[in-house]
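Let me begin by handing over the structure; questions about it come next.
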Amino acid sequence: MIPNTPDWPIKIDLYSDTLTRPSEAMRHAMASAEVGDEQKGEDPSTNVLLNLVRELLGKEEAVLLPSGTMCNEIAFAVHCRPGDEILLDSTAHPLHYEAGAPAALAGAMVRAIDGDHGIFTAEQVDAAVHPASRYAPQSVLLSVEQTSNLGGGRCWPLEDIRSVTTAARRHGMRTHMDGARLFNAVVATGVAAQDYSAPFDSVFIDLTKGLGAPIGAVLAGDRDFIDKVWRLKQRWGGAMRQSGIIAAAGTYALTHNMHRLADDHANALLLAEMIATHPRILLDPTSVQTNIVIFDILNTTTTAEDLTRQLLQDSGIRVGAFGPTTIRAVTHLDVGTDKIPLVAEAICSALDSKNLATQGE
Ligand SMILES: *Cc1c(COP(=O)(O)O)cnc(C)c1O
């Protein structure tokens, strides 16, 4: 099963910011990277990347892993014993896109909190935590997603992060940040990554989203936590050898592609403003804070699948169907501002086209 294999050639791809390809300069950095054995801590380019991330996040230790999913799942397995419970938002990535790994790998229960665009409150944490009891699972870990992917790229305000993590600690829980797009929040709000990370026992950043590296994510925390992470990295086959080839791409990404995330945010806002006036689109452009635009199709039997297929067929534009009537478009460094009006016009004219309109009337 290959998901979302397109039947038509793609000219503009806003399906995800994971679609970025390494630039010539990034490939050059990869090709010329100094390398050694990562498992032994002897890969110099990996060590450069880890030092950079430790500094950015203000954490004692960090480790390179193949993916953000592995960061979440190793963190969960370190923080939880089988039967323990993780609290996270009902839209959170591990609930929808990690193939059941919290159950399969950590043996953990997950309890979903119904936040607002991925963001919940300390009162909701208090209400979700089980009182100590012989019968209830133990709530041991709180996980926060910055930015919230299915929440439409919404940034957790620092105040809210502090209040939910304070609540978690009051209940004796540990805390984890899924920072797949942490730097989108940093660039959008001006709050330092260190400040967002400080309240958490563990944090990961993805190098392969808007930052544009081809492989890799970094998980950070204190020394004791990272020692435990290393055991699972080894056990689950995530320990590498000459990983400097990919670490160099990550260092390049953090050095060159972080501040330009602001361009992706401006492009997402532009797209949102251009399509929000269409009578069949439900979208508040002021809700777009970073590089993700999520909208609903209104007043029609046209489904999100119909619209995405029509867009691809007519214009070679790919966006994602994320619900019966919900569409997601994600801006990234391989799609320039000049393409945005083309995308907006294509979406509006697809919704106006006879093809889709007659299905809706
Ligand atoms: C993409 C993503 C992940 C997983 O990262 P991969 O590197 O694709 O495994 C985890 N959490 C969020 C919020 C994501 O968007």
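Please verify whether residue 109 is within 12 Å of the ligand (Cβ to nearest atom) and either loosely packed, with under 14 Cβ neighbours inside 10 Å or assigned by TED's automatic domain parsing to the domain that holds residue 129 (or both), treating the condition exactly as stated.
No, not satisfied.
Of all residues in the stretch 57-76 being over 15 Å from residue 239 (Cβ atoms) and among the polar types (S, T, N, Q), which is farthest from the ligand (Cβ to nearest atom)?
Here the residue is 72.
Taking the stretch 231-240, which residues are buried (at least 18 other Cβ atoms within 10 Å of the Cβ) and out of contact with any helix residue (DSSP H, G or I) (no Cβ under 6 Å at 6 or more places or on another chain)?
233
Hey, another quick one. Which is of a type in the set (D, E, K, R), crowded, with 18+ Cβ neighbours inside 10 Å and away from the ligand (no atom under 16 Å from the Cβ), of 85, 98?
Values: 98 fails: away from the ligand (no atom under 16 Å from the Cβ).
Only one candidate qualifies: 85.
Please verify whether the stretch 204-217 includes one or more residues that are under 19 Å from the mean Cα position of the chain (by Cα) and more than 28 Å from residue 319 (Cβ to Cβ). Spell out how you get there, then give the answer.
Kept after step one, since they are under 19 Å from the mean Cα position of the chain (by Cα), are these residues of the stretch 204-217: 204-217.
From what's left, more than 28 Å from residue 319 (Cβ to Cβ): none.
Taking every residue of the stretch 204-217 in turn, none turns out to be under 19 Å from the mean Cα position of the chain (by Cα) and more than 28 Å from residue 319 (Cβ to Cβ).
Separate question: Do you know which of the residues in the stretch 17-56 that are in a helix (DSSP H, G or I) and within 16 Å of the ligand (Cβ to nearest atom) is surrounded by the most Cβ atoms within 10 Å (Cβ to Cβ)? Working first, answer last.
Keep residues of the stretch 17-56 that are in a helix (DSSP H, G or I), which gives 17-19, 24-31, 38-40, 44-56.
So of that shortlist, the ones also within 16 Å of the ligand (Cβ to nearest atom) come out as 17-19, 49, 53.
On the way: 17: 27, 18: 15, 19: 18, 49: 29, 53: 26.
Per the stated criteria, the residue is 49.
Something else: Condition first: under 17 Å from residue 52 (Cβ atoms), within 11 Å of the ligand (Cβ to nearest atom) and of a type in the set (Gly, Ala, Ser). Can you find one or more residues in the stretch 190-202 that meet it? Break it down stepwise before answering.
Of the stretch 190-202, the ones under 17 Å from residue 52 (Cβ atoms) are 192-194, 196-197.
Subset that is within 11 Å of the ligand (Cβ to nearest atom): none.
Scanning the stretch 190-202 turns up no residue that is under 17 Å from residue 52 (Cβ atoms), within 11 Å of the ligand (Cβ to nearest atom) and of a type in the set (Gly, Ala, Ser).
Yes or no, residue by residue, for (1) of a type in the set (Gly, Ala, Ser); (2) in a loop (DSSP other than H, G, I, E, B); (3) surrounded by fewer than 19 Cβ atoms within 10 Å (Cβ to Cβ); (4) at pLDDT 95 or above:
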position: 255; (1), (2), (3), (4): no, no, yes, yes
position: 263; (1), (2), (3), (4): no, no, yes, yes
position: 296; (1), (2), (3), (4): no, no, yes, yes
position: 299; (1), (2), (3), (4): no, yes, yes, no
position: 328; (1), (2), (3), (4): no, no, no, yes
position: 332; (1), (2), (3), (4): no, yes, no, yes
position: 341; (1), (2), (3), (4): no, no, yes, yes
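Also, quick follow-up: Return the residues of the stretch 61-99 that are farther than 22 Å from residue 41 by Cβ and either outside the structural domain of residue 239 (by TED's automatic domain parsing) or among the polar types (S, T, N, Q) (or both); say none if nothing qualifies.
69, 72, 90, 91
Looking only at residues in the stretch 157-178 that are without any contact (Cβ under 8 Å) to a residue 40 or more places away in the chain and under 30 Å from residue 333 (Cβ atoms), which one is surrounded by the most Cβ atoms within 10 Å (Cβ to Cβ)?
177
Given the residues 207, 219, which is the only one that is in contact (Cβ under 8 Å) with a residue 60 or more places away in the chain and within 16 Å of the ligand (Cβ to nearest atom)?
On the way: 207 fails: in contact (Cβ under 8 Å) with a residue 60 or more places away in the chain.
Just one listed residue meets the conditions, 219.
Each row is one residue, and each column tells you yes or no for (1) buried (at least 18 other Cβ atoms within 10 Å of the Cβ); (2) of a type in the set (Val, Ile, Thr); (3) assigned to a loop (DSSP other than H, G, I, E, B).
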position	(1), (2), (3)
250	yes, no, no
269	yes, no, no
279	no, no, yes
310	yes, no, no
324	no, no, yes
335	yes, yes, yes
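The values are calculated or read from the model by the stated rules, or taken from the named source; none is laboratory data. Everything numeric in this text was worked out from a predicted model, so none of it was measured. Backbone-built Cβ (ideal geometry, glycine too); neighbour counts: all protein chains shown.
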